[in-house]
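Enquirer: Once you've had a glance at the structure underneath, I'll fire off some questions.
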Amino acid sequence: MGKSSPLSHLSVPPMLPLLCLVLLHVSASWATSDSDFDTFVQCLTNQTKQPDTVSKIVYALNNTAYTPVLRAYIRNARFNASYTPKPVMIVTPTNESHVQSAVICAKQNGIQLRIRSGGHDYEGLSYVSDVPFIILDLFNLRSITVDIAEKTAWEN
């Protein structure tokens, strides 16, 4: 009888290599997300007219307020499921310079921007993407000023 290895009775489940590969991919994408987040926030800070407010309007996945902010205005429950893709971050601008900066920074960093405003997105266009994305949630901009004489309108 031949000598056997002390580990010869152990077998590797056929799915283990695949599981390791998936975990490696997920951890790499988390690292990319952190890098994307830092780059985006730095850009936002540089672009906005109120850089000191950026930390109050950006919610990353690891922020405790992220999930409540994400769920606050979802009107179609199927986009509130665990399998629904989640945004890399949520930006909740309080003035127009935040909106402009978010658009510029998303474009510069190649990150898809999804707009959420008013909660009427039953099709889920603000919540579904095959690539990393940011939600620009306009819930803080709730009033509109109209100047009939000047024929202008803007959000406040």
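The values are calculated or read from the model by the stated rules, or taken from the named source; none is laboratory data. It should be emphasised that the depicted structure is a prediction, and the values quoted were computed from it without experimental measurement. Cβ sites come from the backbone with ideal geometry, for glycine too, and all protein chains shown count toward neighbours.
Enquirer: Can you tell me which residue is surrounded by the fewest Cβ atoms within 10 Å (Cβ to Cβ) among those in segment 116-156 that are more than 21 Å from residue 67 (Cβ to Cβ) and at pLDDT 85 or above?
Expert: Taking the candidates together, the pick is 149.
Enquirer: Restricting attention to segment 62-73, report how many residues are over 19 Å from residue 93 (Cβ atoms) and either in contact with a Ser or Thr (Cβ under 6 Å, 6 or more places away or on another chain) or assigned to a loop (DSSP other than H, G, I, E, B) (or both).
Expert: So the count comes out to 2.
Enquirer: Just need a number here: residues in segment 33-52 that are touching a residue at least 12 places away in the same chain (Cβ under 8 Å) and of a type in the set (Asp, Glu).
Expert: 1
Enquirer: Residues that are closer than 17 Å to residue 127 by Cα, at pLDDT below 85 and loosely packed, with under 10 Cβ neighbours inside 10 Å: does segment 1-17 have at least one?
Expert: No, segment 1-17 contains no residue that is closer than 17 Å to residue 127 by Cα, at pLDDT below 85 and loosely packed, with under 10 Cβ neighbours inside 10 Å.
Enquirer: Any idea which residue in segment 34-49 is farthest from residue 105 (Cα to Cα), counting only those that are acidic (Asp, Glu) and touching a strand residue (DSSP E or B) at 6+ places or on another chain (Cβ under 9 Å)?
Expert: The residue in question is 34.
Enquirer: Among the candidates 83, 59, single out the residue that is modelled with pLDDT of 90 or more and either aromatic (Phe, Trp, Tyr) or more than 23 Å from residue 35 (Cβ to Cβ) (or both).
Expert: Matching residue, one of 83, 59: 59.
Enquirer: Could you tell me which residue of segment 86-115 is nearest to residue 61 (Cα to Cα), considering only residues that are assigned to a strand (DSSP E or B), modelled with pLDDT of 90 or more and β-branched (Val, Ile, Thr)?
Expert: Among residues in segment 86-115 that are assigned to a strand (DSSP E or B), modelled with pLDDT of 90 or more and β-branched (Val, Ile, Thr), the one nearest to residue 61 (Cα to Cα) is 90.
Enquirer: To continue, here is another question. Tally up the residues in segment 73-114 that are among the small types (Gly, Ala, Ser) and touching a strand residue (DSSP E or B) at 6+ places or on another chain (Cβ under 8 Å), please.
Expert: Result for segment 73-114: 2.
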